[in-house]
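Engineer: Below you'll find the structure I mean.
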Amino acid sequence: MIPIAKPLIGKEEVKGVVSALKSGSIAQGPKVREFEEAFARYIGVKHALAVNSGTAALHVALLAHGVSPGDEVIMPSFTFIATANSVLYCNAKPVFADIRDDSFNIDIEDVKRKLTPKTKAIIPVHLYGQPADMKELMALAAERGIAVVEDACQAHGSSYGGKKAGAFGTGCFSFYPTKNMATGEGGMITTDDDRVAELSGMIRSHGSRKRYYHEMLGFNYRMTDINAAIGIAQLDKLEGFNKKRVANAAYLSKRLRRIKGVVPPVVLEGRTHVFHQYTVKITGDFGKGRDEVVSKLSDKGVGTGIYYPLPIHQQELYKKLGYNVSLPVTERVCGEVISLPVHPAVKKGDLKVIVDAFKEIKNA
Ligand SMILES: *Cc1c(COP(=O)(O)O)cnc(C)c1O
């Protein structure tokens, strides 16, 4: 089976971990600092703060921007549950906007419709590795005095107009094993704002600046030096990993676009897409339903993923919270998408297997 994701851990990561273990500093220490500095430099921001998950990064970033009970935060529903749950953790209200049919990212026109005097922040998600409409969203947010917390958990290294995802507003990254770079569990907050950085540093560590003196409610969201050592090695390899993803995606798109009913991903003007996921849409023209395609691909040894089969506003948890909105593009797209393997361990031969499988399924 060609897996949908595979972390690539090499001797550099092993060496880093062993050196962290032998150093005696195994919680947050010098390796975390080193990882943060390297990550901030890479994204092109003043500050980066490591935490122990992407979810923690989102929670901390929202708190640092003052998101509190009663506030509304606009975001897509077509994303991983963590994006919305981080808002619930602040006792604030996620407000779902629909997405664009081409990029799967938040639709700015629908964001405008969902704005109210209670809107405190917007969380664009750079879904599958392609930046959302950040120039337009930053302008809108500035005009309204609203914070922008970017969910860049799938977009390490992607850019829009030469600026990296995570450098527009306050960026949140995840280093879960399936992401473009991994630390095991892990996350990062990126920002140019000194105040957001200072607050984030406190919130991740029990609201303290000085050990055992607590100014505010915080958490233990710290990253360990063991994880940071893996992150340092992975960050060095990220550009190479992303290049492979992009090349694999180009190979697939060139061939799959000739098959009627398969819509390859659209990369919008001025953006680089890092293909955390390579996601096609299966439309009626294909002649077979999405779920049938998934099961036939599996029979032929092709692993796939559905991100996401059920939008957040239709999840049991959110229905219980009283959500009853209609998001037509989101709801349709959930039934059309299939993600195919393009991670750096996917070989040319694997890509050929994927393309042939599509042709055989179509013609069967
Ligand atoms: C992975 C992911 C997260 C959460 O990251 P964790 O490290 O798993 O907590 C949040 N949002 C999106 C879009 C993600 O893909």
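The values are calculated or read from the model by the stated rules, or taken from the named source; none is laboratory data. This one's a predicted model, so the numbers in the text were calculated from it and none came from an experiment. Cβ coordinates were reconstructed from backbone atoms using ideal geometry, including for glycine residues, and neighbour counts include every protein chain displayed. The protein model used for the area step is the full one, side chains on, heavy atoms only, and it has no ligands, DNA or RNA in it. Shrake-Rupley method; radii C 1.70, N 1.55, O 1.52, S 1.80 Å.
Engineer: Enumerate the amide H contacts of D98 below 5 Å, restricted to partners 5 or more residues apart or on another chain; note that Pro and chain-start residues carry no placed amide H.
Structural biologist: Amide H neighbours of D98: D107.
Engineer: Another question, if that's okay. Distance cut-off 19 Å, Cα to Cα: go down the list K31/K237; K6/K243; K15/K347 and report the pairs above it. Walk me through the intermediate numbers first.
Structural biologist: Values: K31/K237 17 Å; K6/K243 16 Å; K15/K347 26 Å.
Over 19 Å Cα-Cα: K15/K347.
Engineer: For each pair in K114/K135; K163/K210; K281/K319, compute the distance between the two Cα atoms and list the pairs where it is over 24 Å.
Structural biologist: On the way: K114/K135 19 Å; K163/K210 35 Å; K281/K319 27 Å.
Exceeds cut-off: K163/K210; K281/K319.
Engineer: Sticking with this one: Mind checking the range 314-364 for trypsin sites (Lys or Arg not before Pro) that DSSP puts in a loop (not H, G, I, E or B) and that have at most 13 other Cβ atoms within 10 Å?
Structural biologist: Details: sites: K319, K320, R332, K347, K348, K352, K359, K362; in loops: K347.
Filter output for the range 314-364: K347.
Engineer: Carbon-plus-sulfur fraction of the accessible area of the chain, 1.4 Å probe, in percent? Let's see the in-between values first.
Structural biologist: Details: 8190 of 15320 Å².
Of all accessible area on the chain, carbon and sulfur atoms account for 53 percent.
Engineer: Given a cut-off of 18 Å, name the pairs among K93/K179; K22/K179; K46/K164 whose C-alpha atoms lie farther apart than that in the structure shown. It would help to have the intermediate numbers written out before the result.
Structural biologist: On the way: K93/K179 27 Å; K22/K179 28 Å; K46/K164 13 Å.
In this structure, K93/K179; K22/K179 exceed 18 Å between Cα atoms.
Engineer: Could you give each residue of the range 308-314 its phi-based ³J(HN,Hα) in whole Hz, using Karplus coefficients 6.51, -1.76, 1.60 with θ = phi - 60°, and x for Gly or Pro?
Structural biologist: Result, ordered by residue: 9, x, 9, x, 4, 5, 9 Hz.
Engineer: Given Cβ point charges of +1 (Lys, Arg) and -1 (Asp, Glu) and nothing else, what value in debye, to the nearest 20, does the dipole of the chain about its Cα centre take?
Structural biologist: It works out to roughly 860 debye.
Engineer: A follow-up question, please. Taking only DSSP H segments of four or more residues, each worth -39500 (n - 2.57), what value at 222 nm results for the chain once the sum is divided by all its residues, to the nearest 500 deg cm²/dmol? Let's see the in-between values first.
Structural biologist: Working: 12 runs with 144 residues, N = 364.
-12500 deg cm²/dmol, from helical runs alone.
Engineer: Give me the extension gain from K359 to K300: residue separation times 0.36 nm, minus the current Cα-Cα distance, reported in nm with one decimal.
Structural biologist: Values: separation 59, 0.36 × 59 = 21.24 nm, distance 1.18 nm.
Gain on stretching K359 to K300: 20.1 nm.
Engineer: Specify the residue with the greatest mean-square fluctuation among I230, I123, I354, computed from a Gaussian network of the chain linking alpha-carbon atoms under 10 Å apart.
Structural biologist: Residue with maximal mean-square fluctuation among I230, I123, I354: I354.
Engineer: For the chain, what is the accessible area per residue in Å² when the probe is 1.4 Å? List each step's numbers first, then the result.
Structural biologist: Values: 15320 Å² over 364 residues.
With all protein chains present, the chain gives 42 Å² per residue.
Engineer: Further question: Could you sort the peptides 60-66, 304-310, 82-88 by per-residue average Cβ neighbour count (10 Å cutoff), highest mean leading?
Structural biologist: Numbers: 60-66: 24.7, 304-310: 17.0, 82-88: 23.0.
My ranking of the peptides, most packed first, is 60-66, 82-88, 304-310.
Engineer: In whole angstrom, how far apart do the alpha carbon centroids of the range 309-349 and the range 30-94 sit?
Structural biologist: The two parts, judged by their Cα centres, are 21 Å apart.
Engineer: Select from the chain the helices, each a whole stretch of DSSP H, whose alpha-carbon atoms run 24 Å or more along the helix axis and whose Kyte-Doolittle mean is at least -0.5; answer none if there are none. Display every interim value, and only then the final one.
Structural biologist: Working: long enough: 225-256 (44 Å, -0.17).
Sorted by number, the helices that extend far enough and score high enough are 225-256.
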